[in-house]
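The values are calculated or read from the model by the stated rules, or taken from the named source; none is laboratory data. As the structure is a computational prediction, the values presented were derived from the model and not from experiment. FYI the Cβ positions are ideal-geometry reconstructions off the backbone, even for glycines, and counts take in every protein chain you see.
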Amino acid sequence: MTLEGALLLGLMLFSLGLYAVLARRNLIGILIGIELMLNAANINFLAFNYFIPTDPAVAQIIVLVVIGLAAAEAAIALAIILKLYRQRNSVDVDAMQLLRSTGAEASNE
Amino acid sequence: MSLHFAIAAVVSLVGALLAVTQANILHAVFGLAIALVGVAGVFFTLDSPFVAIMEVLIYVGGIAVTMIFAVMLSSVSNPKERESAGRRLLAALVAVAFFVGGALVIAHADFGPGKKLPPSAWGLEQVGRDLLGRFNLAFETLSIVLLLAIVGAIVIVRKESAMPANADEEAS
Amino acid sequence: MSSTSIGLVLLGAPLMAFFVALVVFRKNHLAAMMTVLLSGAATCASAVFLLATKGGTPAEQASRAWIHAGGTSIEFGILLDGKTLIMGTVVSVITLCVQVYSLSYMSHDPGRGRFFAFLALFEWAMLSFVYSPSLMQTFVFWELVGLSSFFLIGFWYRKPSAIAAAKKAFIMTRIGDVGLFIGLILLFQTAHTLDIQTLNTMSVATGNFDSGRIELITLLLFVGIVGKSAQFPLHTWLPDAMEGPTPVSALLHSATMVAAGVFLFARFHPLFMQAELTLTVVLCVATFTAVLSSTMAMVASDMKRVFAYSSISQLGFMLMGLGAGSLFAGYFHLTTHAIFKALLFLCAGAFIHEYGTNDTVAIGRAGARKLRVITLGLIIGGGALAGFPLLAGFFSKELIIHSLHDKPLFLAGAYLASFMTAYYTFRVIFLVVFPNQDSAVQVEEPPADSHDDHHSSSLPLHAPILLLTVGAIAVGWFGDSIASVLGLVAYHPSLPEMAPAIGVALGGILIAWFDFGRKSAPQTGFISKLAPLHTLFKNGWYLDVIYKKLFVGAAQAVAGLLFGTENHVLDKASDMLGQGTLTIGETTGKAQSGRLPLYIGLAALCFSGAIIALGLEMMR
Amino acid sequence: MSELPILSILLLCPLVAFLVTLVLPESKATAIKAVNAVAGLVTLVLSVIVWAQYDETAGGYQMVEDIPWVADLGIRYTVAVDGVSVVLTLLNAIVFFTGVLSMWTLEKRVKEFFAFMGLLVFGVFGVFISLDIFVFFFFYEVAVLPMYPLIAIWGSTRKEYSAMKLTLFLMVGSALLFPGLIALFVESGGQTWNLVALSEPGTFSEGFQIFVYPLLYVGFGILAGMWPFHSWSPIGHVAAPTAVSMLHAGVLMKLGAFGILRIAIGVLPLGAAYWAPTFAFMATVGIVYGAFVAMRQTDFKYVIGFSSVSHMGIVLLGLNTLGIDGTNGAVFQMFAHGVMTALFFSAVGFIYDQTHDRDIRHFGGLVGQIPVASSFFIVAALCGMGVPGFASFWAELLVFIEALRVFPLLGIAAIAGLIFTAAYILRVLGQAIFGPKNPDWDHLVEPTAWLTLPRIILIAVLLFFGFAPSVMLDMIGSVTGGK
């Protein structure tokens, strides 16, 4: 077990998460990708702190904070997803384009 | 130790693969749960049992379960629909590019010699002291954030009938 | 009471009257008129008193700093010397006459209070101009004189022709003013003072000024004079200016406004004397103007118009005299002309008022000679204008012609002009006095449109005319005293020297008699036999048309061009700026597809590229 | 009187009016107007006091107040007045007060209107008295921004378009200005934004000055209606409601000229000397160009708008002569033109409020129908023509004296522009004020006493300084040394 190994694992998880974020159309799928990426980052934090320590327990605390934030984020995100589903009967990210530029309204007078 | 790590790594990777490739979103959430258990194992091998436990408790026990509820509440229409091949290919390309870049950096980076700390420095006691001592601000902030998130989530998903009349008319 | 405090009364009274009249005229016309009249009387009395007490004594000046510029202060005050005393008296006397006359003439005009208010303003401006000790003050009131005449010419503001005439007068004199203004500034920069006495003293001493500079400055000043005194080529506003009420014309053509230009020349006579080239230009312009406007006067059918043209030509005479170097000749003619021209216009006004027409023939046929006092005024005034021996204009014109004796070309011009003057003046007189009901001549002018049936042969109408008639007879004999007040010695031409001029004048009268006066005269004038010339003269040598086409057209064209530039180039450019920004926004906005995976994918791709580059860099 | 921070009080007056206006309910329109009128009166009195207390013989900056604001960046709230600021402060107070009175009949969204107006005036005062360049710029933006809602909400012809155009142009100006000001700060060592410190000779090299000066000049010049960047200004005038037109043309455009004098020329004299011929030429083009374009306009306000371009050209020409008389004349012209345009717009606004028509050709013989209101217009027109007896005559005279000395050809061209000025003004007078009357407007009524008062004040100011120019010139001269 080496630092490189841990980092590589984090990288793999992150890449998989990224893939999920990009490929999924389901909002929950995207959320899954995000969780994977967060965990990848957590692994990196801990790995660095474990192999090249400068301050003993700081990474654990960071990870705990991240987990807490992830919980909050997941709660909000799932709430939004549910709300969207109720309103639009869909959780497809491609359908969520309300903020796209239409070009027409912007023209003068 | 290395073996433990390898097992945990394999578990988490397999879980993650499942999580991103399964067409059925419910299966994907299960994959995520597996991956998270694997990650918790990795944490365990990194001398952080408390964090590992928390990972399992919060992620697997909390977030993943919530997701399952969300999936069940929302994706009833066509949960098994697959994304187009082109889309997946492009996403894979980006992900692979990212992986290659990261791998290159990791492979050639010089992290210098590591030196271990005594296990007591990594202990739960140390974490507890720091959390309520040095990093008290982060701790308290986090609690406020969680509180707000709970309240916010409740407000957001409240039934339409409970909302002011005009707010939804416009949106629908 | 010192002379300067009397001067203060002199200048202050009309200004106060103006403000009072302006405030009260809408409620009480009579109060406004009386205020102005009182101030006019006060001013007149002060001016006469000053002339009587200060005449011939050394100049006196009282002034205080007005503004600071160019390192020195510009003064505002009052200068009492020969020139200002005489001119001030003439102005205030004639203004008083006109005011009295207007009491009757304007008695039924709904705007009479306003009329008197502006008369007061006009008087104030002109007197402050005359008594000015510095060129700056001169210029300020020069402008104000122009402004008040704008209001007076355009007094009947509902008449488009009156407004057009007022505008024309203002803008054409403004063209001259620009020259004067530049000249003033150049003079200021050259001499570092605008004090008139200092300037004149400096100019006499040689070596103070660079001669080329002097030529330039005096030429520029002369441009201003050309505008104000209606000399060619800026003379065309003056005939139109009779659109105002006749008392205004009387004032405008005699002692104020047009006289301002000549007075300015007289004021800076020593300076002009240093500029050979300018003097030649002055002589050329003045002579040409005198001849040119006389030709127009010979065929004009409108009585006021005849006198308007004669003003232009007489102003030309004054400038000829001054330009030839004889200050006294020009100045004397300015004085006499002021009196008899005011007289002539007042008479013309009375006729017009009585018979409701401007046309000389129509007035004559209507029996104008029955108004005896006025007809007498017309004859005396006309005689003075024509240079009839022993009347006022005779003496001054003799002096001018004498001053030209060594310049044959200009002398010939002067003879020609005075011949024509005599001819057209007596044409009017004969047409009025000996109307020929059967003659072929046509009434050309339409009847005046307003204010008929108030026939007022009252005292206010007659008194000024009588006073001025006396003046037109008598003033000519006071040449010596005027000269002494000016500090000059009057020249008395001998009889042989005067003979040609007398002959020319009498010749003109004779031909006028032949054409208009004798029984069963054709009353059409010999010019009408030369049809092309007649048309040319009648239309003022087409100068108005040419100006309209050339200058007004050009200005309009430039304005149109710039207007187009503004709308189609500059405005368009700024619109394009805005439009361009919008276009850029719309174009780049298309990238905002709202597709979240696309955004993230692109960002991740860029980031991936960056770390791949970083990794490759680390490999090396 | 150093113990009483009179300048800060002056500055706070419109701000207090702004806040009180915000607090008052919309329904109390009269109270809102009264509050603003009182604030205007107080500022007017205070500016007269400032004028009286300013020691002309001592000159320089007086009544200094200095408080650190953002210490790390060297930004300080430093206010003081010199002769030029005193004059312009008075101008602003006059226009504010008369502007409020002119809007006495306003009925639409009274509260917001006066709130924005108070903010605008607050910014203008701030600019005139700031000695710190950063604070100067801060107030400058405060003054510029309320113009957008003021025109877009209460305006008339094409109001959104012109409001947007105005804002865009002024933002472009600011975009030039801000880098220029930062360059000054950085180049001087990054210690101070203080104007006096930056104006020390030798602070900036000549090359730097030549490079930065156009940024500042054009940046301020856009606000001053500099040709060819003026096209926002006439249309802005046209669209704006009366009081805003008054403030806009009367005061706001002066901010630009003031900035040029204070900052561009004051801090970068070598750059100014290098660029003076170019910018003087553009100013002269503006004078003649504005007059010609005004000749063809058919809208009252467009005529006045282009006359402003022409008259501001005189200001800029005076500034570019870099001489004492020219600068005196330019500042005097700022003041005179400010009061004069305020009168112009006030008079036109009065007619427009009743007729909802501004086409010159639709009017005729107004002086017979509403003589008092027409007289206001006539007086403004006379002043615009530079007739002696009004303040602008002296201003133009001084500018031309200097211009003829420094740039003879440009001077002659500018003076010749007077002919065309007379032509376009007389055209309006002849068409609308005089001439045959148009019976359509027989029903027009004369202004009430409340609406007459502001115009009378403006006329009185014009006449006073027309007859006693040295009062003004002594004040301005205490800065420029023209005494």
Check the range C:435-457 and report whether any residue there is in a helix (DSSP H, G or I) and at pLDDT below 85. no
So which of D:LEU410, D:LEU404, D:LEU453, D:LEU458 ends up being hydrophobic (A, V, I, L, M, F, W, C) and at the interface with chain C (Cβ under 9 Å from one of its Cβ atoms)? D:LEU404
Heads up, the helices (runs of 4 or more DSSP H) in the range B:103-172 (entirely inside) with at least 1 residues that are of a type in the set (D, E, K, R) and modelled with pLDDT of 90 or more are B:136-157
Kindly indicate the residue of the range D:39-63 that is among the hydrophobic types (A, V, I, L, M, F, W, C) and surrounded by fewer than 16 Cβ atoms within 10 Å (Cβ to Cβ) and also farthest from the chain's Cα centre (by Cα) among those meeting that condition. D:ALA58
Would you confirm whether any residue within the range A:78-93 is surrounded by 22 or more Cβ atoms within 10 Å (Cβ to Cβ), assigned to a helix (DSSP H, G or I) and more than 7 Å from chain B (Cβ to nearest Cβ)? no
Mind listing whichever residues of the range D:461-476 are within 11 Å of another protein chain (Cβ to nearest Cβ) and under 16 Å from D:GLY386 (Cβ atoms)? D:LEU463, D:PHE465, D:GLY466, D:PHE467, D:PRO469, D:MET472
Mind checking which residues of the range D:265-299 are of a type in the set (S, T, N, Q) and away from chain C (no Cβ under 12 Å)? D:THR278, D:THR284
Take residues that are of a type in the set (Val, Ile, Thr) and away from chain D (no Cβ under 12 Å) and tell me which of the helices (runs of 4 or more DSSP H) falling wholly in the range C:175-253 contain 3 or more. C:196-204, C:211-228
If you scan the range C:142-163, which residues turn out to be part of a loop (DSSP other than H, G, I, E, B) and closer than 12 Å to C:ASP240 by Cα? C:GLY154
Taking the stated definitions as given, is C:GLY503 surrounded by 15 or more Cβ atoms within 10 Å (Cβ to Cβ) and either in a helix (DSSP H, G or I) or of a type in the set (Asp, Glu) (or both)? no
For B:VAL71: the one exception among (1) modelled with pLDDT under 90; (2) more than 7 Å from every other protein chain (Cβ to nearest Cβ); (3) surrounded by 22 or more Cβ atoms within 10 Å (Cβ to Cβ): (2)
If we keep just the residues of the range C:115-154 that are at the interface with chain D (Cβ under 10 Å from one of its Cβ atoms) and aromatic (Phe, Trp, Tyr), which is nearest to D:PRO371 (Cα to Cα)? C:PHE151
Check off (1) more than 26 Å from the chain's Cα centre (by Cα); (2) within 30 Å of C:VAL470 (Cα to Cα) for C:ALA65 and give me the number that stays unchecked. (2)
The range D:33-81, subset acidic (Asp, Glu) and in contact with a strand residue (DSSP E or B) (Cβ under 7 Å, 6 or more places away or on another chain), residue nearest to D:VAL315 (Cα to Cα): D:ASP55
Selection from the range D:427-456 of residues that are touching a helix residue (DSSP H, G or I) at 6+ places or on another chain (Cβ under 6 Å) and free of Cβ contacts under 8 Å to residues at least 12 places away in the same chain: D:GLY430
Considering residues of the range C:104-114 that are outside any helix (DSSP H, G or I) and within 12 Å of chain D (Cβ to nearest Cβ) only, the residue surrounded by the most Cβ atoms within 10 Å (Cβ to Cβ): C:GLY111
Let me confirm something: among C:GLU75, C:GLU60, which residue is within 14 Å of chain D (Cβ to nearest Cβ), under 30 Å from C:ASN200 (Cβ atoms) and charged (D, E, K, R)? C:GLU75
Output the residues belonging to the range D:196-238 that are more than 14 Å from chain C (Cβ to nearest Cβ) and among the polar types (S, T, N, Q). D:SER199, D:THR203, D:SER205, D:GLN209
Please return the ranges of helices (runs of 4 or more DSSP H) entirely within the range C:301-384 where 1 or more residues are surrounded by fewer than 24 Cβ atoms within 10 Å (Cβ to Cβ) and of a type in the set (Ser, Thr, Tyr). C:327-355
Can we say A:TYR19 is at the interface with chain B (Cβ under 8 Å from one of its Cβ atoms), surrounded by 22 or more Cβ atoms within 10 Å (Cβ to Cβ) and part of a helix (DSSP H, G or I)? yes
Is one or more of the residues making up the range C:41-58 free of Cβ contacts under 8 Å to residues at least 12 places away in the same chain, out of contact with any Gly (no Cβ under 7 Å at 6 or more places or on another chain) and within 27 Å of C:HIS108 (Cβ to Cβ)? no
Does any residue of the range D:386-395 turn out to be within 13 Å of chain C (Cβ to nearest Cβ) and free of Cβ contacts under 8 Å to residues at least 40 places away in the same chain? yes
Of the conditions (1) more than 30 Å from D:TRP232 (Cα to Cα); (2) of a type outside the set (Ser, Thr, Tyr); (3) part of a helix (DSSP H, G or I); (4) more than 14 Å from chain B (Cβ to nearest Cβ), the single one that C:LEU598 does not satisfy is (4)
